[in-house]
Every structure is written in structure tokens, then in C-alpha cells.
Amino acid sequence: MEKPNSEHRNGEVLLPLFETRRAEGRIIYRTFATSVFVGILLIWMYRASNVPKLGEEGRLGWIGLFGAELWFGFYWVLTQATRWNRVHRSTFKDRLSQRHENELPKVDIFVCTANHEIEPPMMVINTVLSVMAYDYPPEKLAVYLQDDGGSNLTFYALLEASRFCQHWIPFCKKFNVEPRSPAAYFASCSWDAIIKDEEFASVQKLYEEMENRVTTAVKLGRIPENTSLKHKGFTQWNSSSTRRDHDTILQILIDGRDPNAKDIVGCTLPTLVYLAREKRPQHPHNFKAGAMNALIRVSSEISNGPLILNVDCDMYSNNSGSVRDAFCFFMDEEKGHEIAYVQFPQNFENITKNDVYSSSLRVAFEVEFQGLDGYEGPMYIGTGCFHRRDTLCGREFSKEYRIQGSRESVRKNTKESADELEARVKDLASCAYEHNTEWGKKMGLRYGCPVEDLITGLSILFTGWKSIYYNPTRKAFLGIAPMSLDQMLLQHKRWSEGNFQIFLSRFNPAWYGLGRISPGLQMALCTYLLRAPNSLAMIFYSVVPSLYLLRGISLFPQVSSPWILPFAYVIIAKYGYSLAEFLWSGGTVLGWWNDQRIWLYKKTTSYLFAFVDTILGLVGFSETSFIVTNKMSDPDASQRYEKEMMEFRTSSPMFTVLATLAMINLISLVWVAKRVVTDVGAGVFETMALQIVLCGVLVMINVPLYSALFFRKDTGKMPSSITAKSVFTGISKPLSTQSNLYLYIYIDRIYEKAQLRFYQLLSQIIKDENSVEYEGDTIHFSFVVIKSEGSWHYAPDGVDLVVKGPSGEQLEDFRDKTSEKSEFMARQKGVHQFCFINKSPYHETIDFDVHEAHFSYYDQHAKDEHFNPLLEQISKLEEALYNIQFEQHWLEAQTDSQAIVNEGMSRRVLHKALWESAALIGASVLQVYLLRRLFERKLGTSRV
């Protein structure tokens, strides 16, 4: 624990307003991390010292894995910066009240919403009401709702909230209500524990009536006529106003200066302002960053609080003491002047027990951000953050700067009416105001990046300011996590794309941060900025070992080799610690398993798409976009989410990638299992144990995906189009890899014959190698295309066959043949290659027969010349017998082929007849139905 520092004021020793404690177990963890790093170095040594020679099998895969492991090791080293120097913060609000209660500064609270269709107005006003009811002097609070959708329905909901807050705020303070979101509070009430007095019932009834009015208006899509006529604010909407094209709409619903702005017990109400900045199609609006900058300018003329809190519209306040917690850092006499912003974690109320989508980011907020805080540089994450107004407006760090009390933020003209103030301030939210200014560059939130929050926070830290991460026991804010996999993946795609753009920009901490921030913070920040390129190594590692498993090529050390020890130690240590860390952060074992699955999905989709889009953006083929996360879901999807069933129902290209990778691993594992049972036996585990384990783990982790592909019947299953594409790709990829296998056939005895029956070919090449032991031998071969498996394919397309000698010279060449038999004399001993090529899009099944004519008694050099004629006649007779057998086999293969074709044609004719009959019956039924409707109409007309 750091030694508490103290200040003196008027001879009095002042205790600090916050405390910083170093995390326990740092020495143990650093020792453990060092041992893992040694294991990583040994893995690198193994890869570098055992690279297959040029021309050897597996060389490219080996080099690729070496590159992936180099990247994983480097990235793991970066992640240690977030765990090397963790700290915990705690505040002393009682000391703050004793010393600064009468001079607490004003606070401006920004709530941003973008679209009332995916961010329901009731959810938005619950967030607004929760921050209006903070345990803080209400006259020093000003709440601003920035509605980027410009919806009169959202304005109507806020107008209703401005009336309900007169009852809600005093109720919260009287009964010390937590949380102070009405919806969350009433949903969490235990009816047996609460004394149902008249006041409680009255407030609940008022809330339900307000909820009914707002919900009805949203469903109808219009405001009640009597309400729209009573309030002047609705006149600012006209028939030409749209979400992307409207004037600035500014309404001060509660003016904190107004002596009549009181609640039902006579206490002052916080200022409440609605703002919809001007939007025009021809002007860029810069998404959330532009909305925040408009709020900064408008609020500077209305309330001008030196401290700004911004929250997303779904992140309601769960801790009414959060403002005072923040001021314990800003107003600390010794260190407060160094702090630019205080970041609270982003927590969610709708997380399931085992966090099926790993949306809680548990380890990030419970561990990694504490590591960033150890370097006094946690990131700004866009919500739940208290800022100094001056730092957002571009002020650089100064040791003499101190936050001022409320006396410095009083408006200059207190006699100005609310209407006059609105008219004067509107121009600050116009489209043209920022032209030729520093807004979005050096002032306000920065433009041009999907993660405007992160780049803004970095630019503040680079000017010398420090930041604080505070994670109180009672969570400060609770929001709504995405309840579908596609929304979660899209959200992380936007984040990782923006992070990678920062890495490639001049604000990269690796070089721009030199001398500005500590090296540990540089490393920790790069952990987040390099997530997009992390996808390349992950995809290679999750696919290539499985494909090489099909080829029987080992890419890892054998079980009996001592080199397997560093692999085993690093894997066990890394994932064992990951599990312990997750459990320590409050998770479950199944939650950790879900977390590993989501990390795999994010790395192979979100980060991959982010990497590609960023690279395309650099060359001008892609533009940055901002997608608002949907906060709504249908009832069926919500029920599946509560049951922790993953949602796959959209035809997302990300799902195509996930399904294809999962199918490749499944088919590879099944193929290996089949080989173990029917061919190579258990010996494969000795040479390829790690590859089999890796493939098996990838299959296990994808069990929910396989269920969605093949077994689920609900609407959350995988779309059939994705299932078809993934199965096709998953099958064809292993087969195209298997096509490179050499089928070694060694013929050692007279007329030894090897048959290769029923080869499955799909747009691929399969090679058969025949080892000829003696020069001058005659090689007989034949093949017949037995079957073609196209859906409506009546006859085989044929294949190409090229025969090559040991030196690579071409001996025979057949094109587009459905059957052929031939022979040639081997001029050299050695391996002869028979290369089949299928150019059709269908599976082709072929029968291939080959034998070598060699007679061992030719080598005996019989000296008795009288036996030579007899031996020659015997050899000719034997050769003729084998030729008859060869010819007979070829004819049998052709017969089989014709039988299969005939059977297929008969089956298709039957199917065609059935379809035609069904179509005729359907047409007849439709005719009867239409005639009946026609007669009914005529009969009804005649009756009239």
C-alpha cells in the first residue's frame, strides 16, 4: 500500500481524499510470468532449429506456425504490462464532505441517444432520471439529453420525465433508493421486504402511468394531440424534418435558475435540457463525437460545469454516490490537479449466469484496467467517465492548475430568460459552426476514428495529464449488453477497427508516446490496438494444423520428445492461470469456457474484418462507419438468451467464416478418428498428439455452432444458406488438401496387383505412385469413371490422366476420358506417378487398376538351354491369363458404371414425375380456390 500523503492548510494536516493500494501477489505473478516466458523462448528455439528442409513435407506449415507463435509470444509479452503493476483505488467521501461540501463544483451530465427505434425512449428517460437523482446538490447538476435521431417521441418521453422527476427525486432521497432508475428499482423490489405505504404506491402508480403514455405514443408513432398543442417545443418539428435533416432543436425543460423549478417538497430541481443538433445530408455529422462536441459548446453557455460526466443512454446510474467518488480524485489537495478524467467500468444488468457472449468483459475491468491504472493511464471508453471540461477543450497540463468551485462557473447573465438563452445558444449546435475551427482536432472529441473515445483519451494523456480507474464495490453504472452474437461481433469489429487505425496513425503510443507516457503504459495500450492483426495468426493456428492432420504430417514434437515439455507447460500455465483469473474476477467455470469461445469467434471474425477494412481504408476502398448497437430484441430471442442459447439467425458473413472453420476442424477430426480405427491405429497419437488435441478442443468449443447448424429447430438456428456454404467449403477444403497425398504402392512380386477402388474427387488432383523395381517391366493399367454425383447429372464428365516416369518425363496423357486401359514399358526403375485430374464441379468416383509384369525366374540365368523354350512358353501363358483377368476387371468396372447411370436416370425420372404431379395437383387446387372466390364475390354482389 502506498503511504498516504497529506497536505497542510492553515496549520491543519489534511488526509488524502483517496487511497492507492498495490495489488497483492505481484512477486509471485512476476515469477510465474517469467517461467512462462522461458517456455515461450524454448518453443521458439524448437521451431527455429527443426525447420524442414526445402522440398520436405510440412515446410510451409511449419514456417507459418513459427510465425504465428512468434506473434503470440510477442503479444503475450505486451499483455503482461496490464498485469505487472496493478493497483486498487478507494475513496473517502466523508473527508470530501467535511472539507468541500459548500464549494462542490457544478457537474454537467451528458446522455446521448441516436435512434428511438433501437434505443427505446423509456430506456433513455430511465437513465436520465437516475442521474438527475444523484446524491449531490441538485442546483449544481445539469442533465443534457442529446438526441441524434431528432425524434419528437424521445422529446415527449423527456417531457414526461421532467414532470415525474418532481416526485421521483424526493422519493429517492427520502428512502435512500438504490438504484435510482425507476424501472430497475421497481423491478428489484422485494414486495415482502418493502413497507407498502401510500407514498411508495403513489410513486409507482405515477411511473406506470407515465410508462403507459410513452409506450403508447411510441407504438402509435405520434404524440397525443393535446400534449403537442400545450408545449411549444413540439413546434420545432415540421413535416420536412427527418432524422438526418432538421434544424437545431433546443429546449430547456427545467431551468435551474427558475425559482419555481421545485419538486413536491420544495427543493430545487436539476437543470434538464433537450438538444438535437442540426443535421444536413451534405454535412458530415461525425457520429457520437460530433454530438458530444455540440453538447460541450451548448452546456458551456447554459450551466458551464467544470466537470462533465457522459453516459450512454442505456447506462443508468446504479450508485448515487458516484459523483462524490469522482470528486475525491479531482479535489485531492496533493494529486487532484494532475487528473484529467476518472473512468468507471462498464457493467451490464442483463448478463446471464455464465455470460454466454462474454459481454461483461470481466477480466478487462477487474484486472487489465487496474494494470493500466498502475501507470496512471486507463483509457477513456466513451461512457461512465468524469472529465474536466478544460481538458476536453484542449487545455494542456499545468502543475498550477486547480479545479475551481461553483463560484467560477456561474453564468454571466442570470437575468436572461430561458427562451432568450435557447435562441442565442442554438447556433453553437449548427452544422457550420465547426468550419475552420479546432473542434474535432485539438478541441473536444477527435474526429475520423470509429473509437473517438479512445483517441480522445490518448490525446489528453499525451499532453501530460493522468487518468484514474475507479471500480467501486457497488457498480456505478449498469447497461444493456448485446443479446445476439452478430451484434456483439459487430460491436467488437468497430472497436478493433478503430484501435488498429490509431496504431497506424501518428497517435500510436509506441512512437508518439515516447517521452510522454511510461513504457509500461505504451505496451499496455498496444495490447488493445493490435487486436485486429491478431486475427491472422489465430486463423492460421486454428486451421492449418487440422489440415496437416489429414495429411499425416506432424507439426509438433512427438509425445516421447523432451521438446513437448515447453509446449505442455506454456499451454497448461497460460490457460490454468486464465481460468484462475476469471474465477477470481467473479466468473464461473462454464463462463470461462464461453469466454474462450467468444475470444476465438472475435479473433477469427471481428478482428479479421476490422483488419481487412482498415487496410482497404488506407488504400481508399473503404470508409469508416459507425453502427449503433441494437438495445432491443424480440421476446423469443430474449428467452433464448436467458437460456444461454446462442443466436445465429442472421445471414452474417461473420457466421459464414465461423461455420466454415468449425466444419473444417470437425471433418479433420472425424477423418483422423476413421484412420485410427481402420488404418494407422493408435500410433498416430505418438507423432501428432498436440495436433489432435488442438483439433479436438476446437471442435468442443464449437459445439453450440454445430447445434445451430444441424440440430436446432428454433428461429435462432443458423440460416440454411450458411449451413450449405460452410458444409461445402468444409468438405472441399480437406479433400483438396488430401489430394496432395501420395498413395504409395510397392509391387515386389510377379504380377502383384493393387486396386484403388472408389476414389472421391472434387475439382482436385489425386496421385497414385507405383514403385517399379526393375527396368524393362511392363506396366498395365486401366480406369473407369464409376459414378458422378451431380444433383441432376446423368452421365460422367470424364477425367484427365497423366503418367510420369521417375525423372518427371511424361509417358502417357489421356484427356476427358470416362474409361481407358493401356500399358507401357518402364525404361527406368523407380516411382511412376499416375495423376488424375477432375475438372468438373461434381464428385467423380473411379475404379483404378494397375499391375507390374515381372518374372523373377528371368533372373536365375538358367544354364540349361533346353529349359529356356519351355520357360518362355510358361511365361507367355501366365501373362495371357493375367491379361484375361485384367480385361475382365475392366469390363466389370464398365458394367458397374453403366448400371449406376441407369439407376440414377430411373430415380431422376421418378422424382421428376412426382414433382410434376405435385405441381399439377397444386395448380388444380389453386384453380378451384380462385373459382370459388369468384363465385362468392358474384353471389355477394347479386344479393346487394
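With the condition kept exactly as written, say whether any residue in region 489-501 is farther than 23 Å from Phe386 by Cβ, of a type outside the set (Asp, Glu) and assigned to a loop (DSSP other than H, G, I, E, B).
no
Examine region 267-277 for a residue that is modelled with pLDDT under 90 and assigned to a loop (DSSP other than H, G, I, E, B), and state whether such a residue exists. Steps first, please.
First, the residues of region 267-277 that are modelled with pLDDT under 90: none.
Taking every residue of region 267-277 in turn, none turns out to be modelled with pLDDT under 90 and assigned to a loop (DSSP other than H, G, I, E, B).
Do the conditions hold for Arg244, that is, is it charged (D, E, K, R), modelled with pLDDT under 90 and either closer than 18 Å to Thr113 by Cβ or under 36 Å from the mean Cα position of the chain (by Cα) (or both)?
yes
Against the condition within 30 Å of the chain's Cα centre (by Cα) and part of a loop (DSSP other than H, G, I, E, B), how does Glu119 come out, does it pass?
On the way: within 30 Å of the chain's Cα centre (by Cα): yes; part of a loop (DSSP other than H, G, I, E, B): yes.
It is true that Glu119 is within 30 Å of the chain's Cα centre (by Cα) and part of a loop (DSSP other than H, G, I, E, B).
Inside region 28-64, can you point out the residues that are assigned to a helix (DSSP H, G or I) and of a type in the set (A, V, I, L, M)?
Ile28, Ala33, Val36, Val38, Ile40, Leu41, Leu42, Ile43, Met45, Ala48, Leu60, Ile63
Say we look at region 351-400 and pick out the residues that are closer than 20 Å to Pro306 by Cα and among the small types (Gly, Ala, Ser); which of these is surrounded by the fewest Cβ atoms within 10 Å (Cβ to Cβ)?
Top of the filtered list is Ser398.
I'm checking my understanding of the structure. Among residues of region 319-348 that are charged (D, E, K, R) and more than 36 Å from the chain's Cα centre (by Cα), which one is surrounded by the fewest Cβ atoms within 10 Å (Cβ to Cβ)?
The qualifying residue surrounded by the fewest Cβ atoms within 10 Å (Cβ to Cβ) is Glu334.
Determine the pairs where a residue that is closer than 23 Å to Val13 by Cα and surrounded by fewer than 16 Cβ atoms within 10 Å (Cβ to Cβ), located within region 98-112, has a partner that is of a type in the set (Ser, Thr, Tyr) and modelled with pLDDT under 90 with Cβ atoms under 8 Å apart, the partner being 6 or more residues away or on another chain.
Glu103/Ser406
Scanning for something of a type in the set (Val, Ile, Thr), assigned to a loop (DSSP other than H, G, I, E, B) and in contact (Cβ under 8 Å) with a residue 24 or more places away in the chain, does region 65-86 turn up at least one residue?
Just the residues of region 65-86 that are of a type in the set (Val, Ile, Thr), to begin with: 77, 79, 82.
From what is left, the residues that are assigned to a loop (DSSP other than H, G, I, E, B) are none.
Within region 65-86, not a single residue is of a type in the set (Val, Ile, Thr), assigned to a loop (DSSP other than H, G, I, E, B) and in contact (Cβ under 8 Å) with a residue 24 or more places away in the chain.
Could you check region 339-353 and list, in sequence order, the residues that are out of contact with any Asp or Glu (no Cβ under 6 Å at 6 or more places or on another chain) and farther than 21 Å from Arg324 by Cα? Steps first, please.
At the first step, the residues of region 339-353 found to be out of contact with any Asp or Glu (no Cβ under 6 Å at 6 or more places or on another chain) are 339-351, 353.
Of everything in region 339-353, those that are out of contact with any Asp or Glu (no Cβ under 6 Å at 6 or more places or on another chain) and farther than 21 Å from Arg324 by Cα turn out to be Phe348, Glu349, Asn350, Ile351, Lys353.
In region 121-137, what residues are farther than 21 Å from Lys475 by Cβ, touching a helix residue (DSSP H, G or I) at 6+ places or on another chain (Cβ under 8 Å) and surrounded by fewer than 22 Cβ atoms within 10 Å (Cβ to Cβ)?
Listed by number, the list holds a single entry, Met122.
All but one of (1) more than 19 Å from the chain's Cα centre (by Cα); (2) in a helix (DSSP H, G or I) hold for Asp486; which doesn't?
Answer for Asp486: the failing condition is (1).
Going through Gln204, Gln146 one at a time, which residue ends up being closer than 22 Å to Lys232 by Cβ and either among the aliphatic types (A, V, I, L, M) or touching a Cys at 6+ places or on another chain (Cβ under 9 Å) (or both)?
Gln146
Considering (1) in contact (Cβ under 8 Å) with a residue 24 or more places away in the chain; (2) on the phi > 0 side of the Ramachandran plot, say which one Asn436 fails and leave the rest.
The number of the failed condition is (1).
Given the residues Pro533, Pro557, Pro566, Pro509, which is the only one that is in contact (Cβ under 8 Å) with a residue 24 or more places away in the chain and under 23 Å from the mean Cα position of the chain (by Cα)?
Sole residue among the options that is in contact (Cβ under 8 Å) with a residue 24 or more places away in the chain and under 23 Å from the mean Cα position of the chain (by Cα): Pro533.
Modelled with pLDDT of 95 or more, surrounded by fewer than 24 Cβ atoms within 10 Å (Cβ to Cβ), of a type outside the set (Phe, Trp, Tyr) and not in a loop (DSSP other than H, G, I, E, B): is that true of Ser162 in this structure? Spell out how you get there, then give the answer.
Details: modelled with pLDDT of 95 or more: yes; surrounded by fewer than 24 Cβ atoms within 10 Å (Cβ to Cβ): yes; of a type outside the set (Phe, Trp, Tyr): yes; not in a loop (DSSP other than H, G, I, E, B): yes.
Yes: the conditions hold for Ser162.
Can you tell me which residue in region 225-256 is farthest from Arg213 (Cα to Cα), limited to those that are among the β-branched types (Val, Ile, Thr) and surrounded by 15 or more Cβ atoms within 10 Å (Cβ to Cβ)? Before the answer, list the steps.
Let us first name the residues in region 225-256 that are among the β-branched types (Val, Ile, Thr), namely 227, 235, 242, 248-249, 252, 254.
If we keep only those that are surrounded by 15 or more Cβ atoms within 10 Å (Cβ to Cβ) too, we end up with 248-249, 252, 254.
Working: Thr248: 26, Ile249: 23, Ile252: 22, Ile254: 21 Å.
Among them, the one singled out is Thr248.
Kindly check whether there is at least one residue in region 475-490 that is buried (at least 22 other Cβ atoms within 10 Å of the Cβ), at positive phi and touching a helix residue (DSSP H, G or I) at 6+ places or on another chain (Cβ under 7 Å).
Within region 475-490, not a single residue is buried (at least 22 other Cβ atoms within 10 Å of the Cβ), at positive phi and touching a helix residue (DSSP H, G or I) at 6+ places or on another chain (Cβ under 7 Å).
The values are calculated or read from the model by the stated rules, or taken from the named source; none is laboratory data. What you are looking at is a predicted structure, and each value in this text was computed from that prediction instead of being measured. All Cβ positions, even for glycine, are placed from backbone atoms using ideal geometry, and neighbour counts span all protein chains on display.
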